[in-house]
């Protein structure tokens, strides 16, 4: 009975497909061997019997959906898929109203086949805008930067986004090329990029493509909130004139975020990207509510004269969600189960 109660108390906010019935779990829990905790157990809670712990899905009068867990509501955005994509999944038994399956984390089974998701069933639609090719000056005279902004137009996140840029000659031959990638781009979000090419031959036009990798790991990422941005010109007698963008990147999620990556890009009055850069927020693990103040400087105008045309700065940041249940939690489960 202790193990059965422990299972119910240990419910976390991890939504997985239903693979076991509550009645079966209750029967097995009394005899559940310790080794089963090394696997990944999924259970179904028939109703919110454990107040404040069992999650429920609720709908507001305006049609908004929320996952309510531990006294906190989390907004849910349904992923739109076509009828053909929907047919990829088999029909299963319906859950009672408002109830969802819950998973208890342990060690995932690497041999288990992944469950199809809307992300894997539908390819994200990515667009590229504000493309620019800028020849450097002075010490960077042999460099051509390919810049732009890629946006996820899909109603679901894109993972493993790769951006490839080429400088093409009149005959279609490649005069210079480079590429970059982004782990995660939420629905509707844009991110700026800059690709450097060294000593390219003569070119006539720029070609940029962006695509998501359907085989990329769907790690649990979350976006940081960007507020209080301020664009200003910066003069330094040693480093020359430039432009700075300052602002705040905040973790407004209920989870700790690791290695938050911050991307900053600068555009001119025509919406063309003329400079871009990135940095990491501090500390390396941002607890809920933590804010990082950033201040990013462009290259000097003497190296990139187009910097003087900047009229706007933009920013995007995301981090990897730190697992809510770490080794200490798993050790506690093992100790309690042996009593």
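The values are calculated or read from the model by the stated rules, or taken from the named source; none is laboratory data. This is a predicted model, so every value here is computed, not measured. As a convention, Cβ positions derive from the backbone with ideal geometry for all residues, glycine included, and neighbour counts pool all protein chains shown.
Descriptive notes on the structure:
- The selection criterion, being within 19 Å of residue 277 (Cβ to Cβ) and either over 17 Å from the mean Cα position of the chain (by Cα) or at pLDDT 95 or above (or both), does not hold for residue 153.
- Filter result (more than 15 Å from residue 131 (Cα to Cα) and touching a residue at least 12 places away in the same chain (Cβ under 8 Å)) within region 159-174: 159, 160, 161, 162, 169, 170
- From 188, 192, residue being at pLDDT 95 or above and under 26 Å from residue 138 (Cβ atoms): 192
- Subset of region 186-197 (residues that are without any contact (Cβ under 8 Å) to a residue 60 or more places away in the chain and either crowded, with 17+ Cβ neighbours inside 10 Å or within 19 Å of residue 274 (Cβ to Cβ) (or both)): 195, 196, 197
- Scanning region 250-281 for residues that are surrounded by 17 or more Cβ atoms within 10 Å (Cβ to Cβ) and more than 18 Å from residue 298 (Cβ to Cβ) returns 250, 251, 253, 255, 256, 257, 260, 261, 281.
- So residue 323, is it at pLDDT below 90 and either over 30 Å from residue 194 (Cα atoms) or in a strand (DSSP E or B) (or both): yes
- Residue that is surrounded by fewer than 17 Cβ atoms within 10 Å (Cβ to Cβ), touching a residue at least 24 places away in the same chain (Cβ under 8 Å) and not assigned by TED's automatic domain parsing to the domain that holds residue 137, where the choices are 313, 289: 289
- Per the listing 132, 142, the residue uniquely touching a strand residue (DSSP E or B) at 6+ places or on another chain (Cβ under 8 Å) and under 17 Å from residue 276 (Cβ atoms) is 132.
Rundown of residues vs (1) surrounded by 12 or more Cβ atoms within 10 Å (Cβ to Cβ); (2) under 22 Å from the mean Cα position of the chain (by Cα), yes/no style:
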{"position": "202", "(1), (2)": "no, no"}
{"position": "205", "(1), (2)": "yes, no"}
{"position": "211", "(1), (2)": "yes, yes"}
{"position": "214", "(1), (2)": "yes, yes"}
{"position": "219", "(1), (2)": "no, yes"}
{"position": "224", "(1), (2)": "yes, yes"}
{"position": "234", "(1), (2)": "yes, no"}
{"position": "243", "(1), (2)": "yes, no"}
{"position": "248", "(1), (2)": "yes, yes"}
